[in-house]
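Below: one structure, written as structure tokens.
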Amino acid sequence: MPRTPQMRLGADRELEAGARAHYDDPVYYTATYRRRIDDVQFYVTQASKHGGPVLEYGVGNGRVALPTARHGVSVTGVDLSRPMLDDLRARLADEPPAVQKRVVLREGDMRKVRLKKRFPLVFCPFNAALHMYTREDVEALLARVREHLTPGGELILDLSVPVMQDLLREPTRAYKAPRFRHATTGELVSYQEHFDYDRVRQVLFVSMEFTPVGHPERAWMTPLAHRQFFPQEWEALFHYNGFEVHKLSGDFYGGPLDRTSDVMVWHARVRRGWRPK
Ligand SMILES: C[S@@+](CC[C@H](N)C(=O)[O-])C[C@H]1O[C@@H](n2cnc3c(N)ncnc32)[C@H](O)[C@@H]1O
């Protein structure tokens, strides 16, 4: 069916909300991912090995950037979310001046921001690139990466591998989790998720639904939209956008990407002599 302008606008708003809402609450974000540390150690090791400075796309509230700066490497972080950046600024205020000086932040879209500076290392950690919903989005991101990498510099990004069972979930079914105390409100909440996979756009829409116990009238929902990229898509995207992949892992310890992997960790460089057509 041809899409009317109104339908297109609706679809764009759905994606816009799915790229922003989850990051409006940095306290909840921090509490939710506090046990996710393997990737942080990995990125800090990469940064320490290269020495930086690092450009991090989707820096968020500094889960990766802060430990990197504490290890003596300068980080320029770009992010769309003002709440995440404000939270990172508040965290930085508690750091020693040397660490504070190593972090520079820029609010903006990673598809668009031009810093007029080059870096030997560009990171795009923890699924930030799953907010690139179309080929044009990825191409714009990779063009910005090319503009910001020094010759021979390296891009490292990690993405979840689509899990077919997740994509097949019935959209009307609620997936419930045990009650927990919400980090931001301090209230006990019941929690459930709905998953709705759009297999044309290859976008998984997740509705995260919170209901304060005893107060259903105050329930709220946070949307999250993640593009589902199959590994061969990124291989092609890198290839046709001037990158060569020199390493691809299926975990944060350098293990191979195979059919059991749930993450793909790409290391890519700009191909020598490549020019956009
Ligand atoms: C999953 S978080 C990762 C944050 C941080 N790097 C970490 O590992 O915790 C994804 C981040 O990407 C940001 N983001 C999403 N779309 C973006 C865009 N178009 N440009 C810049 N940042 C974006 C979000 O605001 C969010 O902070």
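The values are calculated or read from the model by the stated rules, or taken from the named source; none is laboratory data. Keep in mind the model is a prediction, meaning the values are calculated, not measured. Counting neighbours? That spans all protein chains shown, and the Cβs are built from the backbone with ideal geometry, glycine included.
Quick one: GLY52 ticks every box in (1) farther than 24 Å from PRO151 by Cβ; (2) modelled with pLDDT under 95 except a single one, so which number is it?
So GLY52 meets the others, but not (1).
Is it the case that the stretch 233-248 has a residue that's under 30 Å from VAL122 (Cα atoms), at pLDDT 95 or above and among the β-branched types (Val, Ile, Thr)?
yes
Would you mind telling me which numbered condition in (1) more than 30 Å from VAL203 (Cα to Cα); (2) of a type in the set (Val, Ile, Thr); (3) crowded, with 21+ Cβ neighbours inside 10 Å VAL99 fails?
Looking at each condition in turn, VAL99 falls short on (3).
Out of ASP258, ASP262, report the one residue that is touching a residue at least 40 places away in the same chain (Cβ under 8 Å), of a type in the set (Asp, Glu) and surrounded by fewer than 18 Cβ atoms within 10 Å (Cβ to Cβ).
Only one candidate passes the filter, namely ASP262.
Can you name every residue in the stretch 58-69 that is within 6 Å of the ligand (Cβ to nearest atom) and within 24 Å of ALA17 (Cβ to Cβ)?
GLY58, VAL59, GLY60, ARG63
Just wondering, is there one or more residues in the stretch 31-54 that are surrounded by fewer than 23 Cβ atoms within 10 Å (Cβ to Cβ), within 23 Å of ALA17 (Cβ to Cβ) and within 9 Å of the ligand (Cβ to nearest atom)?
yes
Condition first: touching an Asp or Glu at 6+ places or on another chain (Cβ under 9 Å), closer than 23 Å to SER48 by Cα and away from the ligand (no atom under 12 Å from the Cβ). Now tell me which residues in the stretch 103-115 satisfy that.
Correct list: VAL103, LEU115.
Every residue in the stretch 188-202 that is assigned to a loop (DSSP other than H, G, I, E, B) and loosely packed, with under 15 Cβ neighbours inside 10 Å, please.
ARG199, VAL200
Pull up the stretch 70-90, narrow it to residues that are of a type outside the set (Val, Ile, Thr) and more than 13 Å from the ligand (Cβ to nearest atom), then point me to the one that is nearest to LEU142 (Cα to Cα).
SER74
Might you check whether a residue that is within 12 Å of the ligand (Cβ to nearest atom) and more than 13 Å from the chain's Cα centre (by Cα) occurs anywhere in the stretch 140-147?
yes
Please verify whether the stretch 116-130 includes one or more residues that are farther than 26 Å from ARG227 by Cα, modelled with pLDDT under 95 and either in the same structural domain as ILE156 (by TED's automatic domain parsing) or within 8 Å of the ligand (Cβ to nearest atom) (or both).
yes
Is it true that PRO171 is assigned to a loop (DSSP other than H, G, I, E, B) and either away from the ligand (no atom under 16 Å from the Cβ) or not assigned by TED's automatic domain parsing to the domain that holds THR260 (or both)?
Yes; evaluated as a whole, the condition is true for this residue.
Which of the following residues is under 18 Å from ARG63 (Cα atoms) and out of contact with any helix residue (DSSP H, G or I) (no Cβ under 8 Å at 6 or more places or on another chain): ASP94, ASP87?
ASP94
Just to be sure I understand the filter: pairs with C-beta atoms under 6 Å, separated by 6 or more residues or on different chains, first member in the stretch 42-53 and among the aliphatic types (A, V, I, L, M), second member part of a helix (DSSP H, G or I). Which pairs pass?
Short answer, once both residue conditions are applied: VAL44/PRO67; VAL44/THR68; ALA47/THR68.
Of the residues GLU147, GLU170, which single one is of a type outside the set (Lys, Arg) and more than 26 Å from PRO223 (Cβ to Cβ)?
Being of a type outside the set (Lys, Arg) and more than 26 Å from PRO223 (Cβ to Cβ) holds for just one of GLU147, GLU170, which is GLU147.
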